[in-house]
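Student: I have a structure here, written as structure tokens, and I will follow up with some questions on it.
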Amino acid sequence: MPSALDTNMRFKFSITALFLEAIIIVLFGIFVEYDDSGTFRDLYAFFQDVHVMIFVGFGFLMTFLKKYGFSSVGINMLIAAFGLQWGTLMQGFWHMKRGKIHVDMKSLINADFSTATALISFGAVLGKTSPLQMLIMTILEVTIFACNEHLVTEVFQATDVGASMTIHAFGAYFGLAVTLILFRPGLKNKHENEESTYHSDLFAMIGTLFLWLFWPSFNSAIAHESSHQFKAIVNTYYSLAACAAVTFALSSLVDQRGKFSMVLIQNATLAGGVAVGTCADLPIHPSVAMFIGSLAGVISVLGFHFLSPLLASKLNIQDTCGVHNLHGLPGILGGIAGIIAAAVIKEDRHSVPITPGMQAAALGSTIGIALAGGALTGGILKLPFLGQASDQNCFDDSVYWEVPEEEKPHERHSNNHDEHSRFEATM
């Protein structure tokens, strides 16, 4: 049986969490103000859609591990709750007015976006880290993300409305760098708990459906104008549909028995939403969006089938959820689509032309900063005093959670006998 956390480690997490929350509250008190001058009613529905994606979609998508469901949903909630507060500050510091961060509906959406990067990275290290490590990773990653986002949007003036580059590619390669630094030789041959069951895969599919349904809101929420928002919704809608169709076809094709793989259906069907994100609000035409979604489905399926085993065996990158195939590769595809769209479609944003060079610079800097930031963060998380579960205790909720014990067969028989006796007594 997995050993319980020692008292010292429990105190470390609790004290760290309370200390960080206290700092956040103080910083909010000093710097944050309401800004209710914006279009509240226009954006609230988009905010709710993105909020559901962060807490329900991402949370349940990672419940596929048979003994790690509590942690998948629970630590997801912890990361998101801390991340959205810290993201408000880190993004807000770049856009202060008279020394204050003004919070409106758009900043709430952007704060949720900032947590998505940490949740994507969480998928790469799922089951192999402690809650304290995830807390530290969230604070560091959201900080680095906000800096890169400012570089991409303000310095390079690149367009990335659905954040294919700044969220998906960034979160994936940040997480891959972290998991490389935290490599566990003892998990080289796969842990016995690193597998799914019928019901755990069904729960994960709930996350997929929520993400799939709400992704048009994710890609269109912060578009500058209603016409851009409409294009982003339509392009994402059709990209996802084409991607799902292609994923089902390829899932059956790559299987020797011609059967569908739930891993591919849970993940690769979403790749179209990732890949079309950068150019979603541009007039690329729905057919082009469908082509991008189809290509994303192909790349994601082949990545899961061929590339993931190669990364694990040759490069020691143990990507638990396959975030490289859902977010990393489709994120790069989205960045490339943005470069091509900028070259073909001559369009300005805020009187600034969208150029292929700036789009390419945005993609390159995002991947570089993500890898460097992830490696640095991994080195910090590896410090002994942060602690983590031993190899044999990975992918097991009972290390960090109170888990109901499964009823033993003889206990069930005894309970059934007692119920039968009680039933007879009432006759």
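The values are calculated or read from the model by the stated rules, or taken from the named source; none is laboratory data. Computed from a prediction, not measured in an experiment: that's the story for all the values here. So basically every Cβ, Gly included, is an ideal-geometry build from the backbone, and we count neighbours across all protein chains shown. For the accessible areas, the whole protein counts, side chains as well, though only heavy atoms, and no ligand, DNA or RNA atoms are used. Shrake-Rupley method; radii C 1.70, N 1.55, O 1.52, S 1.80 Å.
Student: If you roll a 1.4 Å probe over the heavy atoms of the protein chains, what accessible area per residue do you get for the chain, in Å²?
Tutor: 46
Student: Pulled fully out, how much extra length does the chain show between Ala375 and Ile23, if you take 0.36 nm times their separation in residues and subtract their Cα-Cα distance? Could the numbers behind the result be given before it?
Tutor: Values: separation 352, 0.36 × 352 = 126.72 nm, distance 2.58 nm.
Answer, rounded to one decimal: 124.1 nm.
Student: Right, another one. At each listed q (0.12, 0.22, 0.23 Å⁻¹), what is the log10 of I(q)/I(0) that the Debye formula gives for the stretch 57-145 modelled as equal alpha-carbon point scatterers?
Tutor: Here log10 of I(q) over I(0) equals -0.37, -0.98, -1.04.
Student: Tell me, how many Å apart are the Cα centres for the stretch 12-50 and for the stretch 232-288?
Tutor: Distance between centres, Cα-based: 33 Å.
Student: Another question about this same structure. Starting at the first residue of the stretch 99-110, write each ³J(HN,Hα) from the Karplus equation 6.51 cos²θ - 1.76 cosθ + 1.60 with θ = phi - 60°, in whole Hz, x for Gly and Pro.
Tutor: Once θ is set to phi - 60°, the couplings for the stretch 99-110 become x, 10, 8, 9, 9, 10, 4, 5, 5, 5, 5, 5 Hz.
Student: In addition: Taking only Cα atoms, what is the 0 to 90° angle, nearest 10, from helix 198-220's long axis to the longest principal axis of the chain?
Tutor: Taking the Cα atoms of the chain, the angle to 198-220 is about 20 degrees.
Student: Relative contact order for the chain: what is it in percent, counting Cα pairs under 8 Å that are at least 6 residues apart?
Tutor: On the way: 742 pairs, mean separation 99.5, N = 427.
Computed over the chain, the figure is 23 percent.
Student: Is the stretch 83-126 rounded, prolate or oblate when judged by the Cα gyration tensor, a ≥ b ≥ c being the square roots of its eigenvalues, rounded requiring a/c under 1.5 and prolate requiring a/b larger than b/c? Could the numbers behind the result be given before it?
Tutor: Numbers: a/c = 4.14, a/b = 2.55, b/c = 1.62.
Prolate is the answer for the stretch 83-126, as a/c is 1.5 or above and a/b outweighs b/c.
Student: To continue, here is another question. If each of His285 and Val234 carries a label point 7 Å out from its Cα toward its Cβ, how far apart are those two points in nm?
Tutor: Inter-label distance under the simple model: 1.3 nm.
Student: Follow-up question, since we're still on this one. Between Ile101 and residues 5 or more places away or on another chain, which pairs have amide H atoms under 5 Å apart, with H built 1.01 Å from N, and which residues are they?
Tutor: Distant-sequence amide H within range of Ile101: Val32, Glu33.
Student: A further question follows. Per residue of the stretch 151-156, what does 6.51 cos²θ - 1.76 cosθ + 1.60 with θ = phi - 60° give for ³J(HN,Hα)? Whole Hz please, x for Gly and Pro, Karplus curve as stated.
Tutor: Whole-Hz 3J(HN,Hα) from phi for the stretch 151-156: 4, 5, 8, 9, 7, 7.
Student: Over the chain, with a Gaussian network built from C-alpha contacts below 10 Å, which listed residue (Gly83, Gly186, Gly92) shows the highest mean-square fluctuation?
Tutor: Gly186
Student: Right, here's the next one. Given springs between every Cα pair under 10 Å in a Gaussian network model of the chain, which of Thr143, Thr115, Thr179 has the largest fluctuation?
Tutor: Fluctuation is largest for Thr143.
Student: Hey, got the Cα dimensions of the stretch 70-218 along the principal axes, in Å, largest first?
Tutor: Principal extents (largest minus smallest coordinate, Cα): 55, 34, 26 Å.
Student: Could I ask something else about it? At 1.4 Å probe size, with the rest of the protein present, what percent of the exposed accessible area of the chain is carbon and sulfur atoms?
Tutor: Values: 12910 of 19590 Å².
Result for the chain: 66 percent of the exposed heavy-atom area is carbon or sulfur.
Student: Let me ask something additional. Among Val274, Val178, Val234, determine the one that fluctuates most according to a GNM of the chain built with springs between C-alpha atoms less than 10 Å apart.
Tutor: Top of the fluctuation ranking is Val234.
Student: Then there's this: Let me test this: with uniform point scatterers at the alpha carbons of the stretch 1-117, what is the Debye-based log₁₀ I(q)/I(0) at q = 0.13, 0.21 1/Å?
Tutor: Log-scaled intensity ratios, in q order: -0.63, -1.20.
Student: Working from the pairwise distances between different alpha carbons, so that the mean of 1/r is found and then inverted, what is the stretch 12-61's Kirkwood radius in Å? Spell out each step's value before the answer.
Tutor: Numbers: mean 1/r = 0.0720 Å⁻¹.
After inverting the mean inverse Cα-Cα distance, the result is 13.9 Å.
Student: Residue-wise, which Karplus ³J(HN,Hα) couplings in Hz belong to the stretch 70-81, taking 6.51 cos²θ - 1.76 cosθ + 1.60, θ = phi - 60°, and x for glycine or proline?
Tutor: Running phi through 6.51 cos²θ - 1.76 cosθ + 1.60 with θ = phi - 60° gives 4, 5, 4, 6, x, 5, 4, 5, 4, 4, 5, 5 Hz.
Student: Only helical DSSP H runs with n ≥ 4 go in: add -39500 (n - 2.57) per run for the chain, normalise by residue count and round the 222 nm mean residue ellipticity to 500 deg cm²/dmol. Present the calculation step by step, with values, prior to reporting the outcome.
Tutor: Numbers: 16 runs with 264 residues, N = 427.
The helix-only estimate for the chain comes to -20500 deg cm²/dmol at 222 nm.
Student: What fraction of the Cα pairs in the stretch 157-266, stated in percent, has a spacing above 23 angstrom? Intermediate results must be reported in sequence, preceding the final value.
Tutor: On the way: 3036 of 5995 pairs.
That fraction is 51 percent.
Student: To two decimal places, what compactness ratio does the stretch 286-417 give when its Cα radius of gyration is scaled by 2.2 N^0.38 Å? Could the numbers behind the result be given before it?
Tutor: Numbers: Rg = 23.2 Å, N = 132, 2.2 N^0.38 = 14.1 Å.
Dividing the Cα radius of gyration by 2.2 N^0.38 Å gives 1.65.
Student: Over the stretch 320-392, what is the relative contact order in percent, taking alpha-carbon pairs closer than 8 angstrom and at least six residues apart?
Tutor: Values: 25 pairs, mean separation 16.4, N = 73.
The normalised contact order for the stretch 320-392 reaches 22 percent.
Student: What is the helix-to-structure angle for 170-181, meaning the angle in degrees between its Cα long axis and the longest Cα principal axis of the chain, kept from 0 to 90 and rounded to the nearest 10?
Tutor: Between helix and principal axis, roughly 50 degrees.
Student: May I pose another question? With +1 assigned to the C-beta of every Lys and Arg and -1 to the C-beta of every Asp and Glu, and no other charges, what is the dipole magnitude of the chain about the Cα centre in debye, to the nearest 20? Intermediate results must be reported in sequence, preceding the final value.
Tutor: Numbers: 23 positive and 34 negative charges, 191 e Å.
Dipole about the Cα centre, nearest 20: 920 debye.
Student: Where in the chain is the longest stretch that carries no GluC sites (Glu not before Pro) classed as loop by DSSP and with at most 12 other Cβ atoms within 10 Å? Intermediate values should be presented prior to the final figure.
Tutor: Working: sites that count: Glu192, Glu225, Glu402, Glu405, Glu406, Glu407.
No qualifying site falls inside 1-191, the longest such stretch.
Student: Work out the charge dipole of the stretch 1-110 with +1 on the Cβ of Lys and Arg and -1 on the Cβ of Asp and Glu about the Cα centre, then indicate which of Gly69, Leu108, His51 is farthest towards its positive end.
Tutor: Gly69
Student: Taking Cα atoms, how many degrees apart are the long axis of helix 40-52 and the longest axis of the chain, rounded to 10 and kept between 0 and 90?
Tutor: It is inclined by approximately 40 degrees.
Student: Beyond 23 Å between alpha-carbons counts as too far, so tell me which of Lys67/Lys314; Lys128/Lys188; Lys100/Lys231; Lys12/Lys188 fall in that bin.
Tutor: Details: Lys67/Lys314 27 Å; Lys128/Lys188 13 Å; Lys100/Lys231 34 Å; Lys12/Lys188 29 Å.
Distance filter (> 23 Å) returns Lys67/Lys314; Lys100/Lys231; Lys12/Lys188.
Student: With a/c under 1.5 counting as rounded, go ahead and sort the chain into rounded, prolate or oblate using the C-alpha gyration tensor (a ≥ b ≥ c being the square roots of the eigenvalues; past the cut-off, prolate if a/b is larger than b/c, else oblate). Before the final figure, lay out the partial values.
Tutor: Working: a/c = 1.67, a/b = 1.37, b/c = 1.21.
It comes out prolate by the Cα gyration axes.
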